[in-house]
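Working notes, beginning with the structure itself.
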Amino acid sequence: MKQIEQIEHIIQDGDLDALASLYETLKTSTDFEMMYDSALLLASYGFLREADGLYEALLTHLPDEDQLKIDRANTLIELGEEDRALDYLKSIKRGKVEYVQALLVQADYYQMIGLSETAIEKIKEAYELVPNEPILQFAYAELLLDAGRYAEAARFYEKLLTQVEAVGDINIHARLAETYSAGGAYEEALPYYEKNLEKQPSPDDLFGMSFALYQLGQAKDAVKHVNELIDMDPDYYAAYMLKGQCYLALEQNDKAYEAFQAGIKRDAYDKALHLSAGKCALKLGNVAAAEDHLSEALALEPDYIEAFITLGSLYNETEQDEALLQLTEQADIHLVELPLIQSFLAYAYERMENYTEAYTKYKMAYNEMQEDHEFLRAYANFLIEDGKRTEALPVVKALVLAYPEDQYWSDFLDVESYEEE
């Protein structure tokens, strides 16, 4: 049995004692090819420390072998010894055959730790050295896409597409569609989605196509594709939200509600679907259903601000004052302190004739609500009816400033000015 086969057999048998013994023998071997192949095998099975030991031994004999430096650097990165790894990579001189490979390893590392621009610099240098290599063009484009530099990424994908249609299992048409969509260039994305769909429709391509059409205001066409997607993969949960949004854009609220409900049946824990279903139910005048959906969204995430505000608004509009108070009593303080919620509480307390609490809530909401016509009118009326005419004046002035067409309050200011004279 060859030694490399023996190592694999020992690993597969889980005989760690035998592996340790063989490893010690390998470290002192002069069969460098065997040592190198063994290191690669050990690394592939996750025995990184042992693989590193063999690379270290090899480098004592072959200190100028740049491929060994790259392989050891890769292993050291996986072991969390990044500084030592970078030292090896940076020791490879420009002009050497392995220099470009060393740049690619550095780029992967810098991307992994979130230093996108540094990673791009490394790839750019490699690309400038080997500009016609498809793998480098692809790596460059991928980094630009990851960094949100969509126009630049698209340029590289376009160039790559003149040479190949795929790199590994990555379809370049699909990447271009994704890149243009991510950059908001939905019109440019469409032909690439269409190209993919002509060949072999996939759920992701159908969703991307549908979303691009929706963004372009072509909701009717978008619905056709999203229905194809749901037929292909009923558990593609995002499709139900998109389908509902399309029907809302078409002002077919009943169908939108059905789409949101269908999504909830597939994924009952999607808070956004419950929120959208609740809002849609309100459009349809189904207050009870809306309340159920919004309450469920909050049960899934108690800090869900949009659901909290929407449910609070519902209780305010329907004058369910006790329900509103109960909602705020159970919520975190940062939600209750939202100015809009404070205004709802002010209205509720006023309706309940608890004028002290109403006054407190009005004052708390005022600074952030000076551009809300309904609030300013309510607050001004409250102060006047409570005998606080002087305190009402700045509120009325803010109202007149924001809404000069409201003649009633302009006349009120004129009367107040006349009486002061």
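So what J values fall out for the stretch 211-218 if you push phi through Karplus, 6.51 cos²θ - 1.76 cosθ + 1.60 with θ = phi - 60°, rounded to Hz, Gly and Pro as x?
Per-residue couplings from phi come out as 5, 4, 4, 4, 5, 8, x, 9 Hz.
Calculated from the structure, semi-axes √(5λ) of the Cα gyration tensor in Å equals which of (1) 40, 23, 19; (2) 32, 29, 19; (3) 64, 28, 25?
Label (3) holds the value from this structure.
Counting other C-beta atoms within 10 Å, and keeping those with at most 10, which DSSP coil GluC sites (Glu not before Pro) do you find in the stretch 177-256?
Working: sites: 178, 187, 188, 194, 198, 228, 251; in loops: 251.
Answer by residue number: 251.
Report, to the nearest whole %, how much of the accessible area of the chain belongs to carbon and sulfur atoms, 1.4 Å probe, protein only. Mind showing how you got there, number by number?
On the way: 10530 of 22060 Å².
That share works out to 48 percent.
Quote the FRET efficiency, to the nearest 0.05, computed for residue 182 versus residue 115 with a Förster distance R0 of 25 Å and r equal to the Cβ-Cβ distance. Present the calculation step by step, with values, prior to reporting the outcome.
On the way: r = 21 Å, r/R0 = 0.83.
That pair, residue 182 with residue 115, gives E of 0.75.
Would you please give the residues with an amide H less than 5 Å from that of residue 166, counting only those at least 5 places away or on a separate chain, with H modeled from the backbone geometry?
It is 172, by chain and number.
Count neighbours as other Cβ atoms within 10 Å of each site's Cβ, and list the chymotrypsin sites (Phe, Trp or Tyr not before Pro) in the stretch 1-88 that are DSSP loop with at most 12 such neighbours. All intermediate terms of the calculation are to be shown ahead of the outcome.
Details: sites: 23, 32, 36, 45, 47, 55, 88; in loops: 45, 47.
Answer in residue order: no site qualifies.
Classify the stretch 133-288: rounded, prolate or oblate, from the alpha-carbon gyration tensor (a ≥ b ≥ c, eigenvalue square roots; a/c under 1.5 rounded; otherwise prolate if a/b is larger than b/c)?
Numbers: a/c = 2.50, a/b = 2.40, b/c = 1.04.
In terms of gyration-tensor shape, prolate.
Helix-only mean residue ellipticity at 222 nm, the chain, DSSP H runs n ≥ 4 weighted -39,500 (n - 2.57), per residue, nearest 500. What is it?
Numbers: 26 runs with 323 residues, N = 421.
Rounded to the nearest 500, the figure is -24000 deg cm²/dmol.
Compute the accessible area per residue over the chain, keeping the other protein chains in place, probe 1.4 Å, unit Å².
Values: 22060 Å² over 421 residues.
About 52 Å² of surface per residue is accessible.
Are there GluC sites (Glu not before Pro) in the stretch 340-398 that DSSP marks as loop and that have at most 15 other Cβ atoms within 10 Å, and which are they? All intermediate terms of the calculation are to be shown ahead of the outcome.
Working: sites: 350, 353, 357, 368, 371, 374, 385, 391; in loops: 353, 368, 371.
Passing both the DSSP loop test and the Cβ count: 353, 368, 371.
Provide the FRET efficiency to the nearest 0.05 for the residue 269-residue 29 pair, computing r from the beta carbons and using R0 = 60 Å. Mind showing how you got there, number by number?
Working: r = 57 Å, r/R0 = 0.94.
E between residue 269 and residue 29, to the nearest 0.05, is 0.60.
Take the alpha carbon atoms of the stretch 153-181, find their center, do the same for the stretch 1-47, and report the distance between the two centers in whole angstrom.
That distance is 41 Å.
From the backbone phi of the stretch 345-360, what are the Karplus-calculated ³J(HN,Hα) couplings (6.51 cos²θ - 1.76 cosθ + 1.60, θ = phi - 60°) in whole Hz, Gly and Pro given as x?
Result, ordered by residue: 5, 4, 4, 5, 5, 5, 5, 7, 6, 9, 6, 5, 5, 4, 4, 4 Hz.
Any idea how far apart residue 237 and residue 20 come out in nm if each label point goes 7 Å out from Cα toward Cβ?
4.6
Mind checking which of 184, 53, 312 has the largest fluctuation in a GNM of the chain, springs on alpha carbons under 10 Å?
53
Rounded, prolate or oblate: which fits the stretch 55-122 when a ≥ b ≥ c are the square roots of the eigenvalues of the alpha-carbon gyration tensor, with rounded for a/c under 1.5 and prolate only if a/b beats b/c? Numbers along the way, then the final one.
Values: a/c = 2.88, a/b = 1.43, b/c = 2.02.
Oblate, because a/c is 1.5 or more while a/b does not exceed b/c.
For the chain, the longest stretch holding no trypsin sites (Lys or Arg not before Pro) located in a DSSP loop with at most 11 other Cβ atoms within 10 Å is which? If you can, show how the numbers build up before the last one.
Working: sites that count: 2, 93, 94.
Longest site-free region, per DSSP loop and neighbour criteria: 95-421.
The values are calculated or read from the model by the stated rules, or taken from the named source; none is laboratory data. Values in this document were obtained by computation on a predicted structure and should not be read as measured data. Backbone-built Cβ (ideal geometry, glycine too); neighbour counts: all protein chains shown. Protein only, heavy atoms only, side chains kept; ligands, DNA and RNA dropped before computing areas. Shrake-Rupley method; radii C 1.70, N 1.55, O 1.52, S 1.80 Å.
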